[in-house]
Structure formats: C-alpha cells, structure tokens
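Read the structure below first, then the notes.
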Amino acid sequence: MASEFPRSPRVMKGGLVAYRLPSTSPSVIAFQYNPDEVSRSLQSQAAGPGGGRGETNRVNGPPQETLTFSIEIDAADQLEKPGENATVVENGLHPVIAAIERLIYPSYPLVIANEALALAGTAFILNETAPLTLLVWGPRRVLPVQIQSLSIKEEAFDQKLNPIRAKADLSVRVLTYRDLDVTNPGYWVYLAAFTQKEVISTLGKFSAASAIAALGRL
C-alpha cells in the first residue's frame, strides 16, 4: 500500500504464503503493518569433536537459522467503513487470526479422514503435515519456514467480543535443503535464497590486493 504523500516511496508489504501440497493455490497472509524489527539467530552446524587435524572448520550442512518478529493487526480502518467491510464488522479479526493459526495445523479434511479410518479399525493412517510456509520479506528474502512458536495477544474487542486489535509473536525456523525433499518446492526456494546470498555477499567486497594493502597500513 502506497503512502498518502505522493512523493513518498512505495513500501512493500511482507507476508506469509502457505501451500497445502499438492494444491498449488496458496493462502496469502499479507502483513497489515510490517514488523518494526526482525531478530535473526544463526547456529552453526559444526561437525563436532572427533574430527582429524585440519577438520576444525568442517560443518554438517548450513546453519540453523531462526527468525522472530511480531505482527500487529488492527481492524480500525475497516470498521470506519462498515458498508465496505461486512466480514470484518461481523467477525472482527477472527478470519486473519485463524489463517495465522492454521500455519501450524494439519489439513482439516485429512484429520477427518484419519479419524474415520481409525474408527473403522484401519491400521494405515495418512501422514498429517502442516502447510509449506514461505516467509516473504522483500525480493531478496523469500524462505521456506516452519513455525516454531506462535503467541497471540488480543488487545481490544467489539460488542460481540470479536477481537479488533491483536498482536502475534512468531518464531520461525528456516528449512534448508537438509530438511526438504528435492521434490518439495521449498527445497528449490531455499536453494534460490542460498544462491542469492552467495551473490550478494560479493557486492562491495574488497579485492585481495586492497585488503592486503589496508592491513599493511594498520
């Protein structure tokens, strides 16, 4: 959404995109307000003790990366125009909150199918999985993630006790090529992000000669 000031730059909205495979139709949760901050933690997957001499820097795959951020949701703007936002007037923020919560739930039809199979005494139960979720934080950061924790604080309510202002705190773990099968689209999304990181890391880089010259002046 662009700013009301004509000369202000257009700010992209971050969001979460969820795919319940094999469906190719995603559920998109665009951030109403971009988080003010995103905390990132990277833990090296060092190979550990026991390696021979010269293997100190050996790693067991890419680092484990965790991102934490908060999403603020407010229905005030929609409630100012009730004729154009009947769904919000009737339900408040329940639809948005439910969409966020579904990122950590298995597919409802699959759960019902498994319950029916269990009641029928069938030993074979279908695998229940959460959707493939992509964190979209600008064109240079699109990552497959798994929701590690979700905390929702509902801060204001309407006459029907529907939440109309809320804050969701999320912690997500980046899924890598070690976590995903090559047939999973998230596998290729991660490799694309990995490739982009490799390219971006070279921008503005000192040449070897410049670096040696700079060190010599210290």
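A few comments on the model shown:
- Of all residue pairs spaced 6 or more apart or on separate chains, those with beta-carbon atoms under 6 Å, a first member in region 73-84 that is open to solvent by 60 Å² or more (accessible area, probe 1.4 Å) and a second member that is part of a helix (DSSP H, G or I) are Pro82/Val89.
- Filtered by the rule that a residue be of a type outside the set (A, V, I, L, M) and touching a residue at least 40 places away in the same chain (Cβ under 8 Å), region 96-114 gives Glu101, Arg102, Ser107.
- For Glu37, the conditions (1) surrounded by 11 or more Cβ atoms within 10 Å (Cβ to Cβ); (2) at pLDDT 75 or above; (3) under 27 Å from Asp179 (Cβ atoms) are fulfilled apart from (1).
- Leading residue by the ranking (farthest from Glu154 (Cα to Cα)) among those in region 92-122 that are modelled with pLDDT of 95 or more and outside any helix (DSSP H, G or I): Gly92
- Considering residues of region 52-72 that are among the hydroxyl-bearing types (Ser, Thr, Tyr) and either under 18 Å from Phe31 (Cβ atoms) or more than 26 Å from the chain's Cα centre (by Cα) (or both) only, the residue most open to solvent (accessible area, probe 1.4 Å): Thr56
- Subset of region 85-111 (residues that are open to solvent by 60 Å² or more (accessible area, probe 1.4 Å), of a type in the set (A, V, I, L, M) and closer than 16 Å to Leu135 by Cα): Ile104
- Condition check for Ala130 on (1) under 28 Å from Glu155 (Cα atoms); (2) in a helix (DSSP H, G or I); (3) open to solvent by 40 Å² or more (accessible area, probe 1.4 Å); (4) of a type in the set (A, V, I, L, M, F, W, C): one failure, at (2).
- Condition check for Leu143 on (1) open to solvent by 80 Å² or more (accessible area, probe 1.4 Å); (2) touching a residue at least 24 places away in the same chain (Cβ under 8 Å); (3) of a type outside the set (Phe, Trp, Tyr): one failure, at (1).
- Test: residue in region 146-159 that is over 16 Å from the mean Cα position of the chain (by Cα), without any contact (Cβ under 8 Å) to a residue 60 or more places away in the chain and in a loop (DSSP other than H, G, I, E, B): yes
- Checklist (1) surrounded by fewer than 14 Cβ atoms within 10 Å (Cβ to Cβ); (2) in contact (Cβ under 8 Å) with a residue 24 or more places away in the chain applied to Tyr177, failing item: (1)
The values are calculated or read from the model by the stated rules, or taken from the named source; none is laboratory data. If you're wondering where the values come from, they're calculated on a predicted model, not measured in any experiment. Neighbour counts are summed over all protein chains in view; Cβ atoms, including those assigned to glycine, are modelled from backbone coordinates with ideal geometry. Only protein heavy atoms, including side chains, enter the accessible area calculation; ligands, DNA and RNA are left aside. Shrake-Rupley method; radii C 1.70, N 1.55, O 1.52, S 1.80 Å.
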